[in-house]
Amino acid sequence: MIKIKQARLLLNGRYRDGSKATFASDFKFTRYAIVLLAAISMSNFEYHTKKIQNTIFISYYNLYKVAKFLGLEFERTKAAPYVYKELTQRGQVKITIENNRTFITFTENGKKSCEEKLEELQYLNEHFNSNPSEQQKYREEEDWKKTVKGVKVGSPLRVGFETEIDKLIKKISDW
């Protein structure tokens, strides 16, 4: 729980000072996966879960409650079904329907991946907190919002090299 709380701002696309980060949308899958991880593995949320065939599952509605408790952005009606469906197709999540309610859980591979991403988020968070100047490269600025053909809106123009932090952000984002 402490690791999630410490990484909460990064998962929501913000820094400790409240400014927006350019990688906010890149962490969407990771954010939703971490909500699921917390829900099915922490005793705090046990009453929100349901055991189906010896596996712990949780509904979208209860995932929303967990996310709210953790302070993580979570949109249960559109984004959550999309994200978890994508993660199911990638073999990270299992979905089952019982009594017209959808329940979600991790596969073993998905849980392991999520735990690794949480560790990587910890490292990224520590890096940004100890090197505040690094944040400047990933801070969303109004000047960057002008659309340039072939460049994602909200992203700074990057010249041909990738830093270790760029690689870490990409690794956290990839599912």
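Quick look at the numbers
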| read-out | value |
| --- | --- |
| Linear extension gain, residue 17 paired with residue 162, 0.36 nm per residue minus alpha-carbon span | 49.7 nm |
| Solvent-accessible surface (1.4 angstrom probe) belonging to residue 123, in square angstrom, nearest 10 | 130 |
| The range 110-122 - phi-based ³J(HN,Hα) in whole Hz, Karplus 6.51/-1.76/1.60, Gly and Pro as x | x, 5, 4, 4, 5, 4, 5, 5, 5, 5, 5, 5, 4 |
| Cross-link pairs 65/167; 5/85; 20/167; 50/167; 85/137 - those with Cα-Cα distance over 28 Å | 65/167; 50/167; 85/137 |
| Area accessible to solvent at residue 95, 1.4 Å probe radius, in Å² | 70 |
| Under the Karplus curve 6.51 cos²θ - 1.76 cosθ + 1.60, θ = phi - 60°, whole-Hz ³J(HN,Hα) for the range 3-20, x wherever Gly or Pro sits | 4, 5, 4, 5, 8, 3, 4, 4, 4, 8, x, 9, 9, 4, 7, x, 6, 7 |
| Computed E for residue 119/residue 85 - FRET, C-beta separation, R0 25 angstrom, nearest 0.05 | 0.45 |
| Dipole magnitude of the range 46-138 about its Cα centre (Cβ charges: Lys, Arg +1; Asp, Glu -1), debye to nearest 20 | 540 |
| Average accessible surface area per residue within the chain, 1.4 Å rolling probe, Å² | 57 |
| Label-reachable residues, the range 5-36, where backbone N falls under 12 Å from a point 7 Å from residue 130's Cα toward its Cβ | none |
| In sequence order, calculated HN-Hα J values of the range 124-136 (Karplus, 6.51, -1.76, 1.60; Hz; x Gly/Pro) | 4, 4, 4, 4, 5, 5, 8, 10, x, 5, 4, 4, 3 |
| Under 5 Å, built H, 5+ apart or other chain: amide partners of residue 94 | 105, 106, 107 |
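The values are calculated or read from the model by the stated rules, or taken from the named source; none is laboratory data. Keep in mind it's a predicted model, so treat the numbers as computed, not measured. Don't worry about glycine lacking a Cβ; one is built from the backbone with ideal geometry, like all the others, and counts go over all protein chains shown. The protein model used for the area step is the full one, side chains on, heavy atoms only, and it has no ligands, DNA or RNA in it. Shrake-Rupley method; radii C 1.70, N 1.55, O 1.52, S 1.80 Å.
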